[in-house]
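The values are calculated or read from the model by the stated rules, or taken from the named source; none is laboratory data. None of these values were measured; they are calculated from a predicted model. Note that each Cβ is placed from the backbone with ideal geometry, even for glycine, and that neighbours are counted across all protein chains shown.
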Amino acid sequence: GENVEQHPSTLSVQEGDSAVIKCTYSDSASNYFPWYKQELGKRPQLIIDIRSNVGEKKDQRIAVTLNKTAKHFSLHITETQPEDSAVYFCAFRGGGSNYKLTFGKGTLLTVNP
Amino acid sequence: NAGVTQTPKFQVLKTGQSMTLQCAQDMNHNSMYWYRQDPGMGLRLIYYSASEGTTDKGEVPNGYNVSRLNKREFSLRLESAAPSQTSVYFCASSGDVGSSGYTFGSGTRLTVV
């Protein structure tokens, strides 16, 4: 079945450092790769996404890169701030006609002041 | 716009009791989903509805049923609750494949004792 492996499961950085989270997916026909941020007790919220015809996308301090050959994609957060502390989930949409997403198990990012 | 509205926010059930979780969206989205979130397990798909009138099983459908009442509403029913169904449940919706991913509801924290 479809699955995605997300690493690391926990990540602790100092404020101002960069953080990188990586996901590897199984379905080579996958075409859409979003990242969600979930603060404690809140709902997941989309922070950035990338489609299969693009290799990199950037939005201020956040960027996502996609390597379709290796079937992995990564989230990069630069100049981290304490408010970046949250659980981050990668996801992918497999090939086919339905729109469901398969999620990774999440990465708990802690940014220490 | 309210987005995706879930009710209730919290619920405690006794083993064997039944209940229905309600979800409604006002974004004219075609697809709706129910996920459960457990510590260390990420978000796992229970059931989804790609369009009004259709429903399909996800990764963990056992013990649940769903109804796509109309385009706006998608309910999740537990017929005979078990402690293993203690979890946080999220409803989500999405538009067509070219749109920007899921919008999540605020979640239902369910405890089965």
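Figures for the structure shown
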read-out: Every residue from region B:74-83 that is part of a loop (DSSP other than H, G, I, E, B) and surrounded by fewer than 18 Cβ atoms within 10 Å (Cβ to Cβ); value: B:Glu79, B:Ser80, B:Ala82
read-out: Of all residues making up region A:6-38, the number that are more than 9 Å from chain B (Cβ to nearest Cβ) and either touching a helix residue (DSSP H, G or I) at 6+ places or on another chain (Cβ under 9 Å) or not in a loop (DSSP other than H, G, I, E, B) (or both); value: 17
read-out: Among the candidates A:Ser9, A:Ser18, residue that is surrounded by fewer than 19 Cβ atoms within 10 Å (Cβ to Cβ), under 27 Å from B:Phe90 (Cα atoms) and hydroxyl-bearing (Ser, Thr, Tyr); value: A:Ser9
read-out: Selected residue (criterion: surrounded by the fewest Cβ atoms within 10 Å (Cβ to Cβ)) from residues of region A:24-45 that are touching a Phe, Trp or Tyr at 6+ places or on another chain (Cβ under 6 Å) and in contact (Cβ under 8 Å) with a residue 12 or more places away in the chain; value: A:Lys37
read-out: Residue pairs meeting the criteria (Cβ under 7 Å; at least 6 apart or on separate chains; first away from chain A (no Cβ under 14 Å), in region B:80-101; second exposed (fewer than 13 other Cβ atoms within 10 Å of the Cβ) and modelled with pLDDT of 95 or more); value: B:Ser80/B:Gly16; B:Ser80/B:Ser18; B:Ala81/B:Thr15; B:Ala81/B:Gly16; B:Ala81/B:Ser18; B:Ala82/B:Thr15; B:Pro83/B:Thr15
read-out: Region A:1-19 residues that are among the β-branched types (Val, Ile, Thr), paired with ones that are crowded, with 17+ Cβ neighbours inside 10 Å and not in a loop (DSSP other than H, G, I, E, B) (beta carbon under 6 Å, 6 or more apart); value: A:Val4/A:Cys23; A:Val4/A:Tyr25; A:Val4/A:Phe92; A:Val4/A:Thr102; A:Val13/A:Ala19; A:Val13/A:Val111
read-out: Meets criteria (touching a residue at least 40 places away in the same chain (Cβ under 8 Å), within 10 Å of chain A (Cβ to nearest Cβ) and of a type in the set (S, T, N, Q)) for B:Ser18; value: no
read-out: Residue that is surrounded by the most Cβ atoms within 10 Å (Cβ to Cβ) [pool: residues in region A:79-104 that are in a loop (DSSP other than H, G, I, E, B) and at pLDDT below 95]; value: A:Gly104
read-out: B:Val66 touching a strand residue (DSSP E or B) at 6+ places or on another chain (Cβ under 9 Å) and either surrounded by 22 or more Cβ atoms within 10 Å (Cβ to Cβ) or within 14 Å of chain A (Cβ to nearest Cβ) (or both); value: yes
read-out: Count of region B:51-73 residues which are in contact with an Asp or Glu (Cβ under 7 Å, 6 or more places away or on another chain), part of a loop (DSSP other than H, G, I, E, B) and of a type outside the set (D, E, K, R); value: 1
read-out: Region B:1-18: number of residues that are assigned to a strand (DSSP E or B) and surrounded by fewer than 17 Cβ atoms within 10 Å (Cβ to Cβ); value: 4
read-out: Any chance B:Gly40 is loosely packed, with under 15 Cβ neighbours inside 10 Å, within 8 Å of chain A (Cβ to nearest Cβ) and closer than 26 Å to A:Ser30 by Cβ; value: yes
read-out: Criterion (of a type in the set (S, T, N, Q), within 19 Å of B:Tyr33 (Cα to Cα) and out of contact with any Leu (no Cβ under 9 Å at 6 or more places or on another chain)) met by exactly one of A:Asn67, A:Asn3, A:Asn53; value: A:Asn3
